[in-house]
Amino acid sequence: MKTLDIRFAVGTLFTFFVAALGWAQEALPMEPGIGEPGTGEIGTGGIPTNVAECKDTIKISSSTALLDFAELVNGTIGGTICGELTDDVVMVEGAEWTPMNVKSDVKVVSVLGKDVNTRIDLKVVFNGNGHTISGLKFNDVTQDNVGFFGLVQGKLTISNLGIVNSEFNGRNSVGGLVGLNEGTLSITNSYNAGAVSGNGDDVGGLVGLNEGTLSITNSYNAGDVNGNGDYVGGLVGIHVGGLVGGGF
C-alpha cells in the first residue's frame, strides 16, 4: 500500500513527475487567497467561473438540495446545469453519496439529407462560493470512477469549493473532486481535505485519472491519499491528457 499524507499547494512552485507513484509535488506554503482546510475560506483569485453560461443557477444550502442537484446532473445529457452553495453543507450522517456523472452522448441528426453523428455534452458549473461540503461518504471497493464527481465526459467547472470530513473509497479512478475525467475539467480555488482511497489504480487527492483536458489553478489537496495499485498522487493519480489554462 502506498500512502501520501502531505498537504500539496498549487500556484507558486510546481515540481512533478509522472512515474509509478503518479504526480509528486514539493510541500509548499499556503498560496495567498486560499483558506485553511475546514474554515470555508477560499480566495477569489484565479480563473473565474464561466458564469456567462449560467442563465439559471440552482442555489444549494442543505444536504437535501445537494442530493436533488446530484440527481438532476445524473439524469441529464446535454444542456448546462449550474449550481452554487449559499452556505456550508453537512450531509446527513449515514447517507451514502452517489458520485455525479457529467455525461455525453452521440445523437444522429440529418444534415442536407445525410445522417451525421453529433456529440452532445452536458456542461456543469459548480461554484462553492467559499463554502465547504462535509460528510460525503462513499465506500464500495468494486466501484470505479469515485469522487464528488465520478465521471466527466462533458464539461465541468468547479470553483471556490472545499470538501472536508469526507471519505471516498473505491477501486480504480478515485479522487476527492473527480474520479475520471475524459472531457474538459477546470478546478479553481478549491481543495480536498477528505480521505481518498482506492483498491486499484489511479488514485489522487483532487483527480484520480485524467484522460481529457485538465486545468487546475490555485487548488490543493490536504487529505490522506491511499492506493493499493499503481499511480497514486497527491493532486492527480495519473495524467495522460492535455493541460491548459492557468497551470499550477
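The values are calculated or read from the model by the stated rules, or taken from the named source; none is laboratory data. For clarity, every value in this text was computed on a predicted model and none was experimentally measured. Virtual Cβ from ideal backbone geometry, glycine too; neighbours counted across all protein chains shown.
Taken together, the criteria exclude GLY130 from residues that are in contact (Cβ under 8 Å) with a residue 12 or more places away in the chain, at positive phi and surrounded by fewer than 19 Cβ atoms within 10 Å (Cβ to Cβ).
Applying the set (1) of a type in the set (Ser, Thr, Tyr); (2) under 28 Å from GLY94 (Cα atoms); (3) in contact with a Ser or Thr (Cβ under 7 Å, 6 or more places away or on another chain) to THR213 leaves exactly one unmet item: (2).
Could you list all residues from segment 152-191 that are buried (at least 24 other Cβ atoms within 10 Å of the Cβ), touching an Asp or Glu at 6+ places or on another chain (Cβ under 8 Å) and assigned to a strand (DSSP E or B)? Within segment 152-191, VAL152, GLY170, VAL174, GLY179, LEU180, ASN181 qualify. For segment 136-151, the set of residues classified as in a loop (DSSP other than H, G, I, E, B) and either closer than 17 Å to VAL236 by Cα or within 16 Å of the chain's Cα centre (by Cα) (or both) consists of LEU136, ASP144, ASN145, GLY147, PHE148, listed by residue number. For the structure I just gave you, tell me whether VAL10 is farther than 24 Å from SER166 by Cα and at pLDDT below 85. Taking the combined requirement at face value, the residue does not satisfy it. Here is a check on your reading of the model: is ASN139 crowded, with 16+ Cβ neighbours inside 10 Å, of a type outside the set (D, E, K, R) and within 23 Å of GLU167 (Cα to Cα)? The answer is no for ASN139.
Considering segment 221-247, the residues that are farther than 16 Å from GLY147 by Cβ and part of a strand (DSSP E or B) include one that is modelled with the highest pLDDT, namely GLY242.
Could you tell me how many of the residues in segment 50-83 are among the β-branched types (Val, Ile, Thr) and more than 14 Å from MET100 (Cβ to Cβ)? Steps first, please.
Looking only at segment 50-83, we keep the residues that are among the β-branched types (Val, Ile, Thr), and these are 51, 57-58, 60, 64, 73, 76-77, 80-81.
From what is left, the residues that are more than 14 Å from MET100 (Cβ to Cβ) are 51, 57, 64, 80.
The qualifying residues number 4.
If I ask for residues that are touching a residue at least 60 places away in the same chain (Cβ under 8 Å) and closer than 16 Å to ASN129 by Cβ, which ones from segment 58-71 would you list? LEU66 - this is the single residue of segment 58-71 that is touching a residue at least 60 places away in the same chain (Cβ under 8 Å) and closer than 16 Å to ASN129 by Cβ. The set of residues in segment 63-96 being touching a helix residue (DSSP H, G or I) at 6+ places or on another chain (Cβ under 8 Å) and not in a strand (DSSP E or B) consists of MET91, VAL92, ALA95. Take the conditions (1) within 12 Å of the chain's Cα centre (by Cα); (2) among the polar types (S, T, N, Q); (3) at negative phi; SER173 misses just one of them, which is (3). Checked across segment 33-44, the condition of being touching a strand residue (DSSP E or B) at 6+ places or on another chain (Cβ under 9 Å), over 30 Å from VAL240 (Cα atoms), surrounded by fewer than 16 Cβ atoms within 10 Å (Cβ to Cβ) and modelled with pLDDT of 90 or more holds for no residue. Just so you know, in segment 72-112 the residues that are free of Cβ contacts under 8 Å to residues at least 24 places away in the same chain and either within 25 Å of GLU182 (Cα to Cα) or aliphatic (A, V, I, L, M) (or both) include one that is surrounded by the most Cβ atoms within 10 Å (Cβ to Cβ), and it is LEU72. If the condition is being within 21 Å of SER166 (Cα to Cα), of a type in the set (Ser, Thr, Tyr) and without any contact (Cβ under 8 Å) to a residue 40 or more places away in the chain, then segment 204-228 contributes no residue at all. Scanning segment 58-117 for residues that are at pLDDT below 90 and either in contact with a Pro (Cβ under 7 Å, 6 or more places away or on another chain) or basic (Lys, Arg) (or both) returns LYS107, LYS114.
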